[in-house]
Every structure is written in structure tokens, then in C-alpha cells.
Amino acid sequence: MRAVVVNSFGGPEAVEVVETEVPRPGAGQVRIKVAAASLNPVDAGVRAGVFGGAGERIGLGWDVAGTVDAVGDAGAWSVGDEVVALHYGAVKPLGTHAEYVVVDAAAVAPAPASVDAVHAATLPLNALTAAQALDRLELTPGGSSLLVTGAAGAVGGYAVRLAVHRGIAVTGLAREGDEAFVRSLGARHATGGAVADRGFDAVLDAAVLGEPALAWVRDGGRYIGVIPHAEPASVRGVATGAVEVSADGARLAELVRLLDEGVLTTRVAETYALDDAAKAHARLEGGGVRGRLVLVP
């Protein structure tokens, strides 16, 4: 099969498409024939060596939508099931940017019925990150205020929708040109370059602003970032932390249900053939992408 890997760190030119053996599922695993796999900023970080792994062949890709084509044991999945999954891990020999991928059965959820595989492939990593970050904030519906930075982005957009769905008052921080989109997600207020209110119960910092975002939290409030171990130090009694996403098929199934019910929406910017993975990385590197870039084997 073909798979996208890096053998040395660098820019988009470091991305290679190689021929490799089709992986076999072990106990508690399933193999998915990949229909679509999205490209995320974390893949660019892996490619650049942010997560280590020098001297290893590293496979790229975390999100996948496709069809189960082999199972390691009976489990809950059968050959032919249409599924989505998160293949967690920055340094792994094969990722989802391939024709086949093996994942833990517990990381798999039924594919959404309301969108195609290309759109479905944009859900797992970003929606799970948003949901698990909100869980860490422990906000009370009907009485809590939340600021989401990067509210027009993939994680931020899901965070706004999920928080609004929970009954939380959400302000979305985004660029001025994205204000209408952020309001369409249900944010009560969408701001451009500045936030007037500095008394939020919590901030979900999807834009990775760090200390400036921490300043918008009330004394004794909460801050959650999206890059593990990169959160600012606590001040004024504000609890700080960062979410490290985990693969969770049951939780992913809940998010699929919310997508099918219209609570969540997906955004695809462009699709690329697997052989054009380096071009997709170059497009991501260029910035200004609204929605996800998706590789289609």
C-alpha cells in the first residue's frame, strides 16, 4: 500500500509517499480501508520534528473515515462497517495518511449518516479535543461564561458549538472577517482584535495566546489550552491546564450523533490525492485555510 511518511524533518518537501506492507490488526484492533483522512496542524508539527523521533520513519495522520476490512478479534466491529476513528500518537510508523490503517477498536465510532467520508474525516481530532477541553473546565450550564479564542478555527469552532449546546454563554474571539461565522455558531458575542470583558469564568485558548488569554479570566476561574504542557503559570487563583486529546470511540460516537442532529457542522477547504500530500502540506503552511484539507487515497 501507499503511505505518507517523513524520514527526516523539514518543510513540506520532507513529506514522502512510500510503498509499504499493509498492516495487520492484532487483538483488540481493526484495520480500516481509508476513504479520507484530514491534515491537521499537528501533522506539520510532526513533520518539522516538534515531537521528536529523529532517525525513525514516522507516519502522518490522526483522523480517518473509511470501512473496516479486517478485525483482530470479534469485538464490536465487523468487516464492512463504515467508521471514523482517531489514531492517536505523534511518533508512529504509520498514520492515517495511507490506504489502510490499524487502530484500536475502542477508538472507533460509526460513521455519520449525514455527511460523506471527506467531511466525516474532519471530525475526530478536533471535535474530541474541543469536547475533552470543555470537560476539563467543568462549567455550569445556565450560569457560566466562556471565552473561546480562535473561535473560527477547527477546535475553536467545535468548542463554541458544544458549549452553546450545553447552555453556556459563549464569547468567540476571532478575526474581524470571521465574526459572522462565529456568530452563526451561536456565540453571544464575537469580537475582533480585543475583548472588553475581563471577567470570564473560563477561557478555552484554541488560538494558543497564552498569558494574554489568561488575563481575561476572573480571579479563581479556569484556563485550558490545547497544547500539552504549554499552558501559562497560574495567577490570581486561576487554575491552568491543557488538554491532551485521547482516543475515545464512545465519546466520538456522541459527537457523530451531534453532527447527524445538526448541532455540529464540518468544514472542508480542499481535497488532495494521497500522492499530492506534499502539496497539501504546502497549502497548510501558507496559512489562511478555513476548514480542513483532506487526503483521499
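The values are calculated or read from the model by the stated rules, or taken from the named source; none is laboratory data. Computed from a predicted structure; not experimentally measured. We place every Cβ from the backbone using ideal geometry, glycine too, and count neighbours over all the protein chains shown. Side chains are part of the model used for accessible areas, which takes the heavy atoms of the whole protein and leaves out ligands, DNA and RNA. Shrake-Rupley method; radii C 1.70, N 1.55, O 1.52, S 1.80 Å.
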Any residue in the stretch 275-295 that is of a type in the set (A, V, I, L, M, F, W, C), within 30 Å of Val18 (Cβ to Cβ) and assigned to a loop (DSSP other than H, G, I, E, B)? yes
From the list Ala253, Ala278, exactly one residue is more than 16 Å from the chain's Cα centre (by Cα), at pLDDT 95 or above and under 23 Å from Val101 (Cα atoms). Which is it? Ala278
Consider Ala90 against the criteria (1) farther than 24 Å from Arg251 by Cβ; (2) in contact with a helix residue (DSSP H, G or I) (Cβ under 6 Å, 6 or more places away or on another chain): it satisfies all of them except one. Which criterion is unmet? (1)
Residue set Gly291, Gly287; condition free of Cβ contacts under 8 Å to residues at least 40 places away in the same chain and open to solvent by less than 50 Å² (accessible area, probe 1.4 Å); output residue Gly287
If I ask for residues that are closer than 17 Å to Ala117 by Cα and of a type in the set (Gly, Ala, Ser), which ones from the stretch 250-284 would you list? Ala253, Gly262, Ala269, Ala273
Name the pairs whose Cβ atoms lie under 8 Å apart, with the first residue in the stretch 210-235 and under 15 Å from Gly156 (Cβ atoms) and at pLDDT 90 or above, the second among the basic types (Lys, Arg) and assigned to a loop (DSSP other than H, G, I, E, B), and 6 or more positions between them or separate chains? Trp216/Arg198
If you go through the stretch 9-18 one residue at a time, do you hit one that is open to solvent by less than 30 Å² (accessible area, probe 1.4 Å), farther than 24 Å from Thr129 by Cβ and part of a loop (DSSP other than H, G, I, E, B)? yes
Would you call Val68 more than 18 Å from Val22 (Cα to Cα), in contact (Cβ under 8 Å) with a residue 12 or more places away in the chain and of a type in the set (A, V, I, L, M, F, W, C)? no
Among the residues of the stretch 134-174, how many are part of a helix (DSSP H, G or I) and not β-branched (Val, Ile, Thr)? 13
Within the stretch 242-268, the residues that are out of contact with any helix residue (DSSP H, G or I) (no Cβ under 6 Å at 6 or more places or on another chain), farther than 14 Å from Ala109 by Cβ and crowded, with 18+ Cβ neighbours inside 10 Å are Ala242
Pair list, Cβ under 6 Å, 6 or more apart: the stretch 36-54 residue touching a residue at least 40 places away in the same chain (Cβ under 8 Å) and closer than 19 Å to Glu99 by Cβ, other residue among the hydroxyl-bearing types (Ser, Thr, Tyr) and not in a strand (DSSP E or B): Ala37/Thr96; Ser38/Thr122
Go through (1) more than 24 Å from Ala250 (Cα to Cα); (2) aliphatic (A, V, I, L, M); (3) in contact (Cβ under 8 Å) with a residue 12 or more places away in the chain and name the single condition Ala180 misses. (3)
From the list Thr171, Thr140, which one is more than 26 Å from Asp276 (Cβ to Cβ), open to solvent by 10 Å² or more (accessible area, probe 1.4 Å), among the β-branched types (Val, Ile, Thr) and out of contact with any Leu (no Cβ under 6 Å at 6 or more places or on another chain)? Thr140
Looking at Leu147, Leu209, Leu214, which is the one that is among the hydrophobic types (A, V, I, L, M, F, W, C) and crowded, with 22+ Cβ neighbours inside 10 Å? Leu147
Scan the stretch 7-30 and tell me whether some residue there is within 24 Å of Arg267 (Cα to Cα) and in contact with a strand residue (DSSP E or B) (Cβ under 7 Å, 6 or more places away or on another chain). no
